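Asker: Just passing along the structure, written as structure tokens.
The values are calculated or read from the model by the stated rules, or taken from the named source; none is laboratory data. Remember, predicted model here, so these are calculated numbers, not experimental data. Reconstructed Cβ throughout: ideal geometry from the backbone, glycine too, with neighbour counts over all protein chains shown.
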Amino acid sequence: MKAWLSGLPREKADMMLLLLAAAMVLAPHALHLPPWLSAAAAALLLWRIVLTVRGRRQPPLAVLAPLALLGIAGVYASYDTLLGRDPGVALLALLLALKSLEMHGRRDIFVLVFLSFFLLLANFFHTQGILSAAWMLATVIVLLAALLSAQYGTLQPRLAQRLNLLGRMLALALPLAAVLFLALPRPGAPLWAAPHEGAQARTGLSDSMQPGAIASLAVSNEPVFTARFSTPLPPQEQLYWRGVVLGDFDGATWTRRGAGSAPASDSRIDIALEGPPSHYEVTLPANGQRRIFALDVPRSIERLPGNPYVVSSALEVLTIEPITSTVHYRVSSQPRYRLQASLSPAQQQPWLALPAGSNPRSVAWARALRGSGAQALAPAAAIAAVLDHFRRAPFRYTLQPPLLGKHGVDDFLFGTQAGFCEHYAGSFVVLMRAMGIPARVVTGYQGGLRNASDNSLTVRQSDAHAWSEVWLAGRGWVRVDPTSAVAPQRTERNLDAALPPAASPLTAWRALAGLDGGAHGALAAWRQQWQQAEHAWSNWVLDTTPQRQRAMLDGLKNMPAKKLALACAVLALLSAAAGALVWWRQARLGDPLDALYLQFCRQQAQRGYSRAPHEGPHGYAARLAAGKATPEAHAAIAQFLAIYATMKYGNANPDEQSRARRSLRHLLTQCR
């Protein structure tokens, strides 16, 4: 392949480099564009490659114009509009691919390169991770190499030399970029995080739950948030990240009480806190939702600048506006508490309601299990009896439970007996309410991937979980996780440990190699290191908000005068040293060709033939030819000065200059 490319003519090789850059620009967008548009862009670039290799003419405007109109119509059909962020990016991708078939001069190359830069920047709309940044940096280098190639005339250095030049240019630009990144004022949120028409929240917890809702999240390893603890990490069984409290049930779907209305904050929450708290800082990326996560139960949560939150009586934390940029907030949580230990009958009633005629078999079984009158089980005993039933009956914990009918709880408890956490939590609450015990469903996340190196947890969508809360007189709302009765590994370790292993011939090998994804496997260790790097990237690069920028500058402003003067002096000395080093290198090295000529002149001056200030190489050669020397020395002197004059004043390419310098060094030894 390399030999084939090196054998191409200059114009074709430059065009292939430009098309490679365009393909690298379009590649990340293929994940977000309509499939037909990605295929069309690839076909157009391939068409241009074939035309370039075979030396064929580009298609005329009569062919390109209908293709452009057809593509615009396709974009309109895919998005129902030509305005907005996503349709705009799709049109740019289409125009970039079409522009590759309509380049007749240097100006068209510049248009294609600048359009590529704009489309490359649009990739930030979708991702800003480390791998994406690395790919974009590589694409920028190839684009600049293509742009640099268009600037050269007939003489052009090799691709390796052009890339070396670009590397040096980027190295010189990086310090200035770092200064601008830290000091230049910025908007309140990145432009690529701004809301756009039709924007929707990303996949995550919602204000409703039905069978399959949590299981659909559990197959995703997408990070949700990271928590870095300043106190010891709590035990795994205490890592319940509270999200949504669901109290309304229609027989099939659980919904949040008051869903669809603006979040309201209760003026007073009856809660008693016990034991030592846990302190940590949460980094929550933009998700388009209004939910703030904290460990059960939050004692205090730092306010978010420009987006206040409210707390419901069920300790749900909701922001006023959707979260459209990464936020950081410090939290103090109390693992031991008593929430609303005294509720009046009227306050208990919403947590006892069941739809009439729904799941009759479950309701009847629950009432029979508890009994009535003097023989009725106490609430704590009734809870223990239901959990014991879950343990003894052949219930299974699975991500792929069978479908349920109209009376879903009946079908689950007495038919399929296979489900995920939402099945167990929802059916448990139905049984509790049928027994006259106030209960509700809570959805959130349980556990997290531990990283001992920085005392942090990374919570992923696969940690999504549903559990129950029951109200007991004098104790308030008490967490009960019925899933742990069926699959205790879920809360003691993680989801992977709770699910049965999938049959695969690679299972034994993966376990032997430590790649089985377990908590102590090699894959888990690599994933922890990678997530730590991503967290640092997000914390120090993506999340440098105006508030953090001002805090950093305020720190410099409040620095003692002597320390600030010392820091400025050190910075000035380093800058002067760097400048002196560059000047010294240039002065020492200079032009290698001139250095050889100067060495030659000194050599001849020792023989008594100093070069006059007005003499050029040809005049100097004529005078030396009349001097005394052996025939071999005369021939070497004449050849040396002839090569020097040709290289100095001719149009030699870099390869020819390199060969000439080697010849001059060899001749210099024969000119004595």
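Asker: So which residues in region 290-333 are part of a loop (DSSP other than H, G, I, E, B) and closer than 15 Å to R242 by Cα, if there are any at all?
Answerer: Those that are part of a loop (DSSP other than H, G, I, E, B) and closer than 15 Å to R242 by Cα: R290, F293, D296, V297, S312, S313, A314, L315, E316.
A quick yes/no check of all residues on (1) in a helix (DSSP H, G or I); (2) outside the structural domain of L144 (by TED's automatic domain parsing); (3) over 25 Å from Q128 (Cβ atoms):
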site	(1), (2), (3)
A13	yes, no, yes
M16	yes, no, yes
H29	yes, no, no
R57	no, no, yes
L64	yes, no, yes
L82	no, no, yes
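Asker: Among the numbered criteria (1) within 30 Å of L571 (Cα to Cα); (2) buried (at least 17 other Cβ atoms within 10 Å of the Cβ), which single criterion is violated by R168?
Answerer: Evaluating R168 over (1) within 30 Å of L571 (Cα to Cα); (2) buried (at least 17 other Cβ atoms within 10 Å of the Cβ) leaves (2) as the failure.
Asker: Whether any residue in region 216-234 is surrounded by 14 or more Cβ atoms within 10 Å (Cβ to Cβ), at pLDDT below 70 and assigned to a loop (DSSP other than H, G, I, E, B) is what I want to check.
Answerer: no
Asker: Quick check on L98: is it surrounded by fewer than 16 Cβ atoms within 10 Å (Cβ to Cβ) and in the same structural domain as L148 (by TED's automatic domain parsing)?
Answerer: Against the criterion (surrounded by fewer than 16 Cβ atoms within 10 Å (Cβ to Cβ) and in the same structural domain as L148 (by TED's automatic domain parsing)), L98 does not qualify.
Asker: Before we move on, is A612 in a loop (DSSP other than H, G, I, E, B), within 16 Å of D594 (Cβ to Cβ) and aliphatic (A, V, I, L, M)?
Answerer: Taking the combined requirement at face value, the residue does not satisfy it.
Asker: Identify the single condition in (1) crowded, with 17+ Cβ neighbours inside 10 Å; (2) in contact with a strand residue (DSSP E or B) (Cβ under 7 Å, 6 or more places away or on another chain) that P355 does not satisfy, given that it satisfies every other one.
Answerer: Among (1) crowded, with 17+ Cβ neighbours inside 10 Å; (2) in contact with a strand residue (DSSP E or B) (Cβ under 7 Å, 6 or more places away or on another chain), P355 violates only (1).
Asker: All but one of (1) modelled with pLDDT of 65 or more; (2) closer than 25 Å to S100 by Cβ; (3) among the small types (G, A, S) hold for G167, so report the exception by its number.
Answerer: The failed condition is (2).
Asker: Can I ask one more? On the given criteria, is V53 under 25 Å from L147 (Cα atoms), in contact (Cβ under 8 Å) with a residue 12 or more places away in the chain, surrounded by fewer than 16 Cβ atoms within 10 Å (Cβ to Cβ) and assigned by TED's automatic domain parsing to the domain that holds L112?
Answerer: Considered against the rule, which asks whether it is under 25 Å from L147 (Cα atoms), in contact (Cβ under 8 Å) with a residue 12 or more places away in the chain, surrounded by fewer than 16 Cβ atoms within 10 Å (Cβ to Cβ) and assigned by TED's automatic domain parsing to the domain that holds L112, V53 comes out as yes.
Asker: Sort out which residues of region 400-417 are among the aliphatic types (A, V, I, L, M) and surrounded by 16 or more Cβ atoms within 10 Å (Cβ to Cβ), and write them in order of number.
Answerer: Of everything in region 400-417, those that are among the aliphatic types (A, V, I, L, M) and surrounded by 16 or more Cβ atoms within 10 Å (Cβ to Cβ) turn out to be L404, V409, L413.
Asker: Right, something else. Six or more apart or on different chains, Cβ under 6 Å: which pairs go from a residue in region 270-297 that's on the phi > 0 side of the Ramachandran plot to one that's not hydrophobic (A, V, I, L, M, F, W, C)? Could you list them?
Answerer: From residues that are on the phi > 0 side of the Ramachandran plot, the pairs are G275/R336; G288/R202; G288/P322.
Asker: Now for a different question. Could you please let me know if A384 is modelled with pLDDT of 90 or more, more than 22 Å from A252 (Cα to Cα) and either among the β-branched types (V, I, T) or out of contact with any Phe, Trp or Tyr (no Cβ under 9 Å at 6 or more places or on another chain) (or both)?
Answerer: yes
Asker: Looking only at region 415-453, which residues are out of contact with any helix residue (DSSP H, G or I) (no Cβ under 6 Å at 6 or more places or on another chain) and more than 15 Å from H465 (Cβ to Cβ)?
Answerer: G415, T416, Q417, A418, M432, R433, G436, R450, A452, S453, listed by residue number.
Asker: Would you point out which residue out of A368, A353, A425 is in the same structural domain as R257 (by TED's automatic domain parsing), of a type in the set (A, V, I, L, M) and assigned to a loop (DSSP other than H, G, I, E, B)?
Answerer: Result: A353 is the single residue among A368, A353, A425 that is in the same structural domain as R257 (by TED's automatic domain parsing), of a type in the set (A, V, I, L, M) and assigned to a loop (DSSP other than H, G, I, E, B).
Asker: Identify the residue in region 432-456 that is modelled with pLDDT under 90 and among the hydroxyl-bearing types (S, T, Y) and, among all such residues, is farthest from A382 (Cα to Cα).
Answerer: S453
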